[in-house]
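Trainee: Take a look at the following structure, please.
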Amino acid sequence: MAALEKTGCYEANASFNVSLPQSDKDVVYEVSLASAPAPADKLSPCSYLTEWGLETPSGTVKGFSAYFDGHHYRYRNERLQEYHMDWDSIPFMSRGNSVGVQGNAQFTDLYPCYIAKELAGMENDDRYMLDIKPDVTFDGKKAVEITAVMKVNDVTAMEKRFIFDASTMMPMRIDTESNPGQITEQSMLVSYHYPAEMHCPELSEESLMALYPEVFEKYRENNFRIENLAGTQFPTFSLPTTTGERYTYHRGDSFAAPTVIAILDPSAGFNAELVEGVRGAVDRLPSQADVIWVFNSTNIDAIESVIPSIRPGEHLLMNGKSLVRDCGVASMPVVIMTDTAGKVKNVVLGFNKELGNIVLQTMALVE
């Protein structure tokens, strides 16, 4: 188990087969596993990225889960859930036999670092009996076999067999029989396959958004990223104007002046009030400030019904879904205020009657 706990960079593909006695067809998941050790992280022994696919009569169903540095993401069924320790620590906490979200995501228990935790828990649980065979052969290789039998009221509730490569202690196969001999019996078989070399995944929100742009664009459910945009450089974007030109900004570049970026949905309510509030605030500023209106739509008529014409210092952009994604906007409208250097100074989510005053107070203090 010590070898499992000390696993370094890890990559594997696994076939996860589930058999049910009342069905003649197995459910088969193809799983991609990648992890990196996280010895200083009290929430998880490793950071990880798990990708999985399942063939169904209607096509392939895919999903993923990831954990790093107190951030957990999981996607399936067109729903992206995310958890952040500095927002809400409760989902990450273990309670009784229940582990936190970072440890209960689908297929997380296939990682060596979590297998080590599972075996350690079995050793300390009177319901389990462990049998270790240190010198067996599996698939032509020397292997270590650990069998765990769980009994509840003298009835076998589960039998689980782990097979590890004797030289590396990497898992090769896991067989699980739940409720053997009963109508609710279920068999699971996991077979591992390894690449020639293993690499640590580079995990960050930016890397996940690059891997799954459509997921973050369409299915994000909260505003964690946009609410934490203040103090950071505004992200790169290149979007068309309604007149066929293009406005491009690169992260780290300067704007021509302190800038207000309003991200809008032309079909949402309160757009007219928001435009009036932003423009009124800019008019009262002692120095110049520019405004970039960004719409998530390509419907020019709908966009121009909100902003029929632009004023000096304004830019009217459309098809802003990529910027919506990169800013982490889950719902619109959003008003972002930056200084000339492109650093975000304040963010306002939604429309409220104090918007104009907030814009005025923020922008009056920036250069």
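The values are calculated or read from the model by the stated rules, or taken from the named source; none is laboratory data. None of the values given here were measured: they were computed from a predicted structure. Note: ideal-geometry Cβ built from the backbone for every residue, glycine included; neighbour counts use all protein chains shown. Remember, those area values only see protein heavy atoms, side chains included, never the ligands or the DNA or RNA. Shrake-Rupley method; radii C 1.70, N 1.55, O 1.52, S 1.80 Å.
Trainee: Report every pair of residues separated by at least 6 positions or lying on different chains whose Cβ atoms are under 7 Å apart, first residue within region 205-233 and of a type in the set (Val, Ile, Thr), second open to solvent by less than 60 Å² (accessible area, probe 1.4 Å).
Mentor: Pairs that qualify, where the first residue is of a type in the set (Val, Ile, Thr) and the partner is open to solvent by less than 60 Å² (accessible area, probe 1.4 Å), are VAL215/TYR75; VAL215/LEU80; ILE226/CYS327; ILE226/GLY328; ILE226/VAL329; ILE226/VAL334; ILE226/VAL347; THR232/VAL344.
Trainee: Take the residues in region 1-11 that are surrounded by fewer than 20 Cβ atoms within 10 Å (Cβ to Cβ) and in contact with a Leu (Cβ under 9 Å, 6 or more places away or on another chain); name whichever of them is nearest to ILE146 (Cα to Cα).
Mentor: In this case the residue turns out to be MET1.
Trainee: Pairs only if they're at least six apart or on different chains, beta carbon under 6 angstrom, first in region 262-283 and part of a loop (DSSP other than H, G, I, E, B), second hydrophobic (A, V, I, L, M, F, W, C); list them, first residue then second.
Mentor: Every condition considered, the pairs that remain are ASP265/MET332; PRO266/PHE295; PRO266/ALA302; PRO266/ILE303; PRO266/VAL306; ALA268/MET332; PHE270/PHE351.
Trainee: Okay, moving on. Quick check: anything in region 230-238 in a helix (DSSP H, G or I) and open to solvent by less than 50 Å² (accessible area, probe 1.4 Å)?
Mentor: no
Trainee: Conditions: (1) at pLDDT below 90; (2) farther than 16 Å from ALA262 by Cβ. THR340 meets all but one. Number of the miss?
Mentor: Every condition holds for THR340 apart from (1).
Trainee: If you go through region 297-315 one residue at a time, how many are in contact with a Ser or Thr (Cβ under 8 Å, 6 or more places away or on another chain) and either open to solvent by 10 Å² or more (accessible area, probe 1.4 Å) or in a loop (DSSP other than H, G, I, E, B) (or both)?
Mentor: Quick first cut of region 297-315, residues in contact with a Ser or Thr (Cβ under 8 Å, 6 or more places away or on another chain) only: 297, 300, 302-304, 315.
Retained after the next criterion (residues that are either open to solvent by 10 Å² or more (accessible area, probe 1.4 Å) or in a loop (DSSP other than H, G, I, E, B) (or both)): 297, 300, 302, 304, 315.
So the count comes out to 5.
Trainee: Something else: Among (1) open to solvent by 20 Å² or more (accessible area, probe 1.4 Å); (2) part of a strand (DSSP E or B), which single condition is THR243 missing?
Mentor: Among (1) open to solvent by 20 Å² or more (accessible area, probe 1.4 Å); (2) part of a strand (DSSP E or B), THR243 violates only (2).
Trainee: Follow-up question, since we're still on this one. I want to confirm something. Restricting to region 34-50 and keeping residues that are over 15 Å from ASN104 (Cα atoms) and in a strand (DSSP E or B), which single residue is most open to solvent (accessible area, probe 1.4 Å)? Show your work before the answer.
Mentor: Narrowing region 34-50 to residues over 15 Å from ASN104 (Cα atoms): 34-42.
Checking which are in a strand (DSSP E or B) leaves us with 34-37.
On the way: ALA34: 15, SER35: 6, ALA36: 12, PRO37: 65 Å².
Top of the filtered list is PRO37.
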